[in-house]
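As structure tokens, the structure follows; a few thoughts come after it.
The values are calculated or read from the model by the stated rules, or taken from the named source; none is laboratory data. Because the structure is predicted, anything quoted here is derived from the model rather than measured. Here Cβ is always computed from backbone atoms with ideal geometry, including for glycine, and neighbour counts include all displayed protein chains.
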Amino acid sequence: MNEKTKVTRQEESPARTEAALMPPVDVVEDANAIILYADLPGVSKDKLHLHVEAETLTIEGELDLDVPEGMEATHAEVSLGRYRRVFTLSRELDTEKVSAEFRNGVLTLRIPKAEHAQPRRIEVKVA
Amino acid sequence: MYRALFSPDMFAELDRLQREMNQAFEFSPSIRGLSRGGFPAMNVGSTSQSVEIYAFAPGIDPASIEVNLEKGVLTIAGERASDLPGKEAKANVHIDERFAGTFRRVVTLPEDADPDRVSARYRDGVLHITIQRRETAQPRRISIQ
């Protein structure tokens, strides 16, 4: 063991300093689009934030529960107050036309593929 | 070589390890096992007047959730349909993490919970059940004559 080995400390970016829950997702791809379903229970519509920047999709939400005054938690499986998950998109996806629906704590995102990236049948010509 | 490193038993070993870690770090679980990791995830809290239960069950029709209270045991049961396409659909599933299927979770309530005064609301995918405590159990200030 070398005692002079330096311990490198990784600087955390400001967006990642606050701990967050990672929502479970399903991702399905068909010929025209990618559909993402994310479970974000306890998040109200105005506390849900979706960002698409360059090729990064960020899903963030804050929990908003009716908690009576003076409540003491006796058992907590959801112990953080926010959700966060980041995805890298690929270039053939048309981020301008993303549609989102949020119902009963489930987010459904539909990201269509750009026209030029949609599958085409190539005719085989007989010479 | 690869096969030797990742024998199928490795996953069973990881499972066992996780259980042992849970056992070591958690308070001893109740006999009905309000243990972590099931669906729906649950938070339980209490005030001097009530017991508050939050079940995180997104994407379910509230009418299909069954909430039963019997002999001081609260049961939450139901079914969650899968959003994934069937086998005949021309689609690929890249990530499959969300729960689908039937679920049932049980909570043992404190003795002073009043089974006649229960309310349940479903909002933003969270089922919030409030059970009032019996009045005799509530703290009371005794005035001195």
Just to be sure I understand, how many residues within segment A:32-77 are among the polar types (S, T, N, Q) and over 30 Å from B:S48 (Cα atoms)? 3
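Residues checked against (1) under 30 Å from A:P112 (Cβ atoms); (2) at pLDDT 90 or above; (3) surrounded by 15 or more Cβ atoms within 10 Å (Cβ to Cβ):
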position	(1), (2), (3)
B:L69	no, yes, yes
B:E79	no, yes, no
B:G86	yes, no, no
B:I95	yes, yes, no
B:L127	no, yes, yes
B:R140	no, no, no
B:S143	no, no, no
Step by step: first the residues of segment A:78-91, then only those that are within 12 Å of chain B (Cβ to nearest Cβ) and surrounded by fewer than 17 Cβ atoms within 10 Å (Cβ to Cβ), then the one that is nearest to the chain's Cα centre (by Cα). Which residue is that? A:S90
Enumerate the pairs (first residue in segment B:124-143 and closer than 17 Å to A:M71 by Cβ and hydroxyl-bearing (S, T, Y); second residue anywhere and in a strand (DSSP E or B) and modelled with pLDDT of 90 or more) with beta-carbon separation below 8 Å, excluding pairs fewer than 6 apart on the same chain, so at least 6 apart or on different chains. B:T130/B:S50; B:T130/B:V51; B:T130/B:E52; B:T130/B:I53; B:T130/B:V118; B:T130/B:S119; B:T130/B:A120
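Give the residue that is farthest from the other protein chains (Cβ to nearest Cβ), with candidates limited to residues of segment B:56-83 that are in contact with a Pro (Cβ under 6 Å, 6 or more places away or on another chain) and hydrophobic (A, V, I, L, M, F, W, C). Quick ask: steps written out before the conclusion?
Of all residues in segment B:56-83, those in contact with a Pro (Cβ under 6 Å, 6 or more places away or on another chain) come to B:56-58, B:69.
So of that shortlist, the ones also hydrophobic (A, V, I, L, M, F, W, C) come out as B:56-57, B:69.
Numbers: B:F56: 4, B:A57: 7, B:L69: 18 Å.
Checking each candidate, the answer is B:L69.
When you scan segment A:105-122, how many residues do you find that are of a type in the set (S, T, N, Q) and free of Cβ contacts under 8 Å to residues at least 12 places away in the same chain? Give the derivation first.
First, the residues of segment A:105-122 that are of a type in the set (S, T, N, Q): A:108, A:118.
Among the residues that remain, those that are also free of Cβ contacts under 8 Å to residues at least 12 places away in the same chain are: none.
Count: 0.
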